[in-house]
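The values are calculated or read from the model by the stated rules, or taken from the named source; none is laboratory data. These figures come from a predicted structure and were not determined experimentally. Cβ: placed from backbone, ideal geometry, glycine included. Neighbour counts: every protein chain shown. Surface accessibility is based on the protein's heavy atoms, side chains included, excluding ligands, DNA and RNA. Shrake-Rupley method; radii C 1.70, N 1.55, O 1.52, S 1.80 Å.
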Amino acid sequence: MAPRIAEHAADAVAQITDGSTVLIGGFGNAGQPMELIDALLECGATGLTVVNNNAGQADAGLALLIKERRVKKVICSFPRQSDSWHFDEAYRAGELELELVPQGNLAERIRAAGAGIGGFFTPTGYGTMLAEGKETREIDGVGYVFETPIKADFALIKALRADTFGNLVYRKTARNFGPVMATASSNAIVQVDEIVPVGQIDPETVVTPGIYVDTVVAIESGPTPALAPKKK
Amino acid sequence: MTTFTTTEAALTRDEMAQLVAADIPAGAFVNLGIGQPTNVSNFLTDEQGVTLHTENGMLGMGPVAAEGEVDGDLINAGKIPVTELAGASYFHHADSFAMMRGGHLDVCVLGAFQVSAGGDLANWHTGAEGAIPAVGGAMDLAIGAKSTWVMMSLFTKADDSKLVEALTYPVTGLGCVSRIYTEQAVFLIDGDGVRVRSSHGTTFEELAARVPIELKRA
């Protein structure tokens, strides 16, 4: 089935309910679906579990969701940054649960969820405090840790372009988590710079096939800022 | 066969980076960690034909973007705007780390808080009470490449050796480091223990006295 084409960001995220697990794409500003995150803040959903590489920067996007205490748990690899003051405050106040995951394990756990894999043994993290309490196994003389998939109710993703079948292409390093996150949620919501008619994306260049995409919204967001906005 | 060499002066940061760059094999696929290792790219030559990987999904990363060529969608793992070289490619995060974990990268250069005589690495967390932990790609990088090299100062500000018998900082990866570049010496770690490849502004004997593990001369 072709994806729903939403009118605007608020329409795109309207189904996100309290207590949902939401994958949010992006690495720094690149690939971060800023307008969808703003709309999620506006829609008022709370008690969210958010999966992202980071835990919000400065006074924008995910950082504001955390500031408004809409997030009960963050699953990420790198929460602590020079401008992650809203995360720092909520975490130190004991008002936000953190699950810290090595970046490659995070990506692979999301990939596993989308690929129907029940878990996998990875060498990353073996012998470290992030493997404490987890099943381990030695295979051919190498230590591995068992990691489980991260499934989600929703994914918020930014791509460059979609056709009306939901086929996606991305732009440069803004691709990052988008393709795996699209596969791992029941409802992948994608913001793109433009939606084009079917046939205008060369099938050989499609990165995310439309089968994974549930909702598309066109948002003129302009060039990605190179740096996070400074504290006001 | 490696033979021990020595210079009168300690290495500067740039000289360390230059030495690491010169040691990277021609045609290698390399990941340079955030901080000091990033400087290595400034000393790689065109003739070496080294391809740089950045874990946020790119091979063929070029130099830091100059003013006027900054593109917010084209950044490195430190979120600094960079450029793309001819032959570059983009891929998603799971592919990027599969590439690393699968042993396809030849060399990874990282910073460190401590390295043990057995090549265990600590570089992600001080373990200090109340510190917010953040790991990023550190654990994946440590164990992924065919060779993991460390660039670090040999001693802390309190004059403690960062090359130790056993880590006191939280582990990033076990038995993964094969080479350490410091201002005073280059160390090789393999099944035979720790050998000093070169000393700089110091002697093998002084190093043996100050570093609390058994050292051999290469």
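Below, the figures for the structure above:
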{"item": "Complete set of residues in the range A:63-108 that are of a type in the set (D, E) and part of a strand (DSSP E or B)", "result": "A:E97, A:E99"}
{"item": "Scope the range A:135-152; condition over 18 Å from the mean Cα position of the chain (by Cα) and assigned to a strand (DSSP E or B); matching residues", "result": "A:T136, A:R137, A:E138, A:I139, A:V142, A:G143, A:Y144, A:V145, A:F146, A:E147"}
{"item": "Answer residue from the range A:191-206, given it is out of contact with any helix residue (DSSP H, G or I) (no Cβ under 6 Å at 6 or more places or on another chain) and touching a residue at least 40 places away in the same chain (Cβ under 8 Å) and is least open to solvent (accessible area, probe 1.4 Å) among those", "result": "A:I201"}
{"item": "Top-ranked residue in the range A:99-126 [being touching a Phe, Trp or Tyr at 6+ places or on another chain (Cβ under 7 Å) and surrounded by fewer than 18 Cβ atoms within 10 Å (Cβ to Cβ); ranked as nearest to A:V22 (Cα to Cα)]", "result": "A:G119"}
{"item": "Total residues in the range A:156-171, condition open to solvent by less than 10 Å² (accessible area, probe 1.4 Å) and within 12 Å of chain B (Cβ to nearest Cβ)", "result": "3"}
{"item": "Members of the range B:1-26 found to be under 20 Å from B:M61 (Cα atoms), in a loop (DSSP other than H, G, I, E, B) and open to solvent by 40 Å² or more (accessible area, probe 1.4 Å), listed by number", "result": "B:P25, B:A26"}
{"item": "Filter pass, B:S116 being under 20 Å from the mean Cα position of the chain (by Cα) and among the hydroxyl-bearing types (S, T, Y)", "result": "yes"}
{"item": "Filter result for A:E204 (charged (D, E, K, R) and outside any helix (DSSP H, G or I))", "result": "no"}
{"item": "Members of the range B:38-72 found to be within 11 Å of chain A (Cβ to nearest Cβ) and open to solvent by less than 20 Å² (accessible area, probe 1.4 Å), listed by number", "result": "B:T54, B:E55, B:N56, B:G57, B:M58, B:A65, B:G72"}
{"item": "First in the range B:124-139 and at the interface with chain A (Cβ under 7 Å from one of its Cβ atoms) and of a type in the set (F, W, Y), second anywhere and open to solvent by less than 20 Å² (accessible area, probe 1.4 Å) and assigned to a helix (DSSP H, G or I), Cβ under 6 Å, 6 or more apart", "result": "none"}
{"item": "Residues satisfying the stated conditions in the range B:177-218, i.e. among the polar types (S, T, N, Q) and under 24 Å from B:D106 (Cβ atoms)", "result": "B:S178, B:T182, B:S198"}
{"item": "Qualifying residue in the range A:12-20 (condition: open to solvent by 10 Å² or more (accessible area, probe 1.4 Å) and part of a strand (DSSP E or B))", "result": "no"}
{"item": "Odd one out for A:R111, checked against (1) under 30 Å from A:V198 (Cα atoms); (2) part of a loop (DSSP other than H, G, I, E, B); (3) out of contact with any Lys or Arg (no Cβ under 7 Å at 6 or more places or on another chain)", "result": "(2)"}
{"item": "Criterion (open to solvent by 20 Å² or more (accessible area, probe 1.4 Å) and within 22 Å of B:M139 (Cβ to Cβ)) met by exactly one of A:R4, A:R80", "result": "A:R80"}
{"item": "Those strands (runs of 3 or more DSSP E) lying entirely in the range B:99-204 with at least 3 residues buried (at least 17 other Cβ atoms within 10 Å of the Cβ) and among the hydrophobic types (A, V, I, L, M, F, W, C)", "result": "B:107-110, B:147-151, B:185-190"}
{"item": "B:M151 hydrophobic (A, V, I, L, M, F, W, C) and farther than 25 Å from A:P79 by Cβ", "result": "yes"}
{"item": "Residue that is within 14 Å of chain B (Cβ to nearest Cβ) and under 24 Å from A:N105 (Cα atoms), where the choices are A:G25, A:G94", "result": "A:G25"}
{"item": "Counted residues, the range B:73-89 - those being within 11 Å of another protein chain (Cβ to nearest Cβ), open to solvent by 50 Å² or more (accessible area, probe 1.4 Å) and of a type outside the set (D, E, K, R)", "result": "1"}
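Conditions tested, residue by residue: (1) under 26 Å from A:L106 (Cβ atoms); (2) away from chain B (no Cβ under 14 Å); (3) part of a loop (DSSP other than H, G, I, E, B).
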{"site": "A:F154", "(1), (2), (3)": "yes, yes, no"}
{"site": "A:T173", "(1), (2), (3)": "yes, no, no"}
{"site": "A:A182", "(1), (2), (3)": "yes, no, no"}
{"site": "A:S186", "(1), (2), (3)": "yes, yes, no"}
{"site": "A:I189", "(1), (2), (3)": "yes, yes, no"}
{"site": "A:E194", "(1), (2), (3)": "no, yes, no"}
{"site": "A:Q200", "(1), (2), (3)": "no, yes, yes"}
